[in-house]
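Below is the structure I would like to discuss, written out as structure tokens.
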Amino acid sequence: MYRKLCIAVLVLCFVASIAQAGIVDVVKRPQPTIESNLQVGSLAYFDRTAVTNPPGGHQYVQIPTWLLGVDYVRVGNDDKSNKLYQLDVTVDEACTLFLLIDNRIGDGNKDNGPTLTTYMPWVAALGFVDTDPAGQPSTNRTYDIGIDESGNNVPFGSADNWFSIFSKDVLPGTTTFGTAWWGPAGSNRPQDNNMYTIAIPEPATIALLGFGALSLLRRRK
């Protein structure tokens, strides 16, 4: 039996486990990947590398100790301007999902928390809460993660921009994340922020379905 996935709008299917990944790329465009062992120097995006953003690409450089070593989803940063973006994350065990969101969302200010009520209301609707007990706004870097956007900061480890870290305890199943787009009404320009990403502690096995909606599952013998 053969299975064929026909995907509408900018859709791709990514099925993975921590040990081994199997990828079905229907529309021939890059897909998210699951990376293990988040550490200082880990690349944040598959389209912000040493080739596209020399010398080192977008790197996580200041990471809370309690987030070190987790698995994370490396998405495409350009999808920050995709109004139709969706990302489904499925876990097969109860765990905590971490959602990393650029502080500049909503007001352009990297030194306080993102403004989500207007631009990313799905975050609160899903039940994600800021891990910073002081709430927002906050400049307490214990609960933020920093990015060096070219991998060239001196001294190494200093950050250009900061992300707040949100979390939610989930049961086995799928969580659907929405868009990070927050431009002015009617605007189609890329925004001055980075795309969000997801971190997942081991040993959850995860599968991803991104960039739109699954339109048809056709089975053929």
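Can we say Thr117 is among the β-branched types (Val, Ile, Thr), more than 25 Å from Thr65 (Cα to Cα) and at pLDDT 85 or above?
So Thr117 fits the description; yes.
Could you check Gly173 against (1) surrounded by fewer than 15 Cβ atoms within 10 Å (Cβ to Cβ); (2) within 20 Å of Leu99 (Cβ to Cβ); (3) modelled with pLDDT under 55 and say which number it fails?
Single failed check for Gly173: (3).
Between Asn82, Asn103, which is crowded, with 22+ Cβ neighbours inside 10 Å and under 15 Å from the mean Cα position of the chain (by Cα)?
Asn103
Can Tyr72 be described as of a type outside the set (Gly, Ala, Ser), in contact (Cβ under 8 Å) with a residue 40 or more places away in the chain and under 22 Å from Asp169 (Cβ atoms)?
yes
Moving on to the next point. Here are some conditions: (1) under 19 Å from the mean Cα position of the chain (by Cα); (2) surrounded by fewer than 19 Cβ atoms within 10 Å (Cβ to Cβ); (3) modelled with pLDDT of 85 or more. Asp88 meets all but one. Which one does it not meet?
Condition (3) is where Asp88 drops out.
Do you know which residues across region 125-140 are at pLDDT 90 or above and under 16 Å from Leu100 (Cβ atoms)?
Across region 125-140, the qualifying residues are Leu126, Phe128, Val129, Asp130, Thr131.
OK, next. Of all residues in region 1-24, which are surrounded by 12 or more Cβ atoms within 10 Å (Cβ to Cβ) and either modelled with pLDDT of 85 or more or under 20 Å from Tyr72 (Cα atoms) (or both)?
Of everything in region 1-24, those that are surrounded by 12 or more Cβ atoms within 10 Å (Cβ to Cβ) and either modelled with pLDDT of 85 or more or under 20 Å from Tyr72 (Cα atoms) (or both) turn out to be Leu12, Cys13, Phe14, Val15, Ala16, Ser17, Ile18, Ala21, Ile23, Val24.
Please count how many residues of region 119-132 are touching a residue at least 40 places away in the same chain (Cβ under 8 Å) and either hydroxyl-bearing (Ser, Thr, Tyr) or surrounded by fewer than 21 Cβ atoms within 10 Å (Cβ to Cβ) (or both).
Count: 4.
Right, next: Working only within region 60-103, note down all residues that are closer than 13 Å to Ile198 by Cβ, in contact with an Asp or Glu (Cβ under 6 Å, 6 or more places away or on another chain) and assigned to a helix (DSSP H, G or I).
None; the set is empty.
The values are calculated or read from the model by the stated rules, or taken from the named source; none is laboratory data. None of these values were measured; they are calculated from a predicted model. A quick note on method: Cβ atoms are made from the backbone with ideal geometry, for glycine too, and the neighbour counts reach across all protein chains shown.
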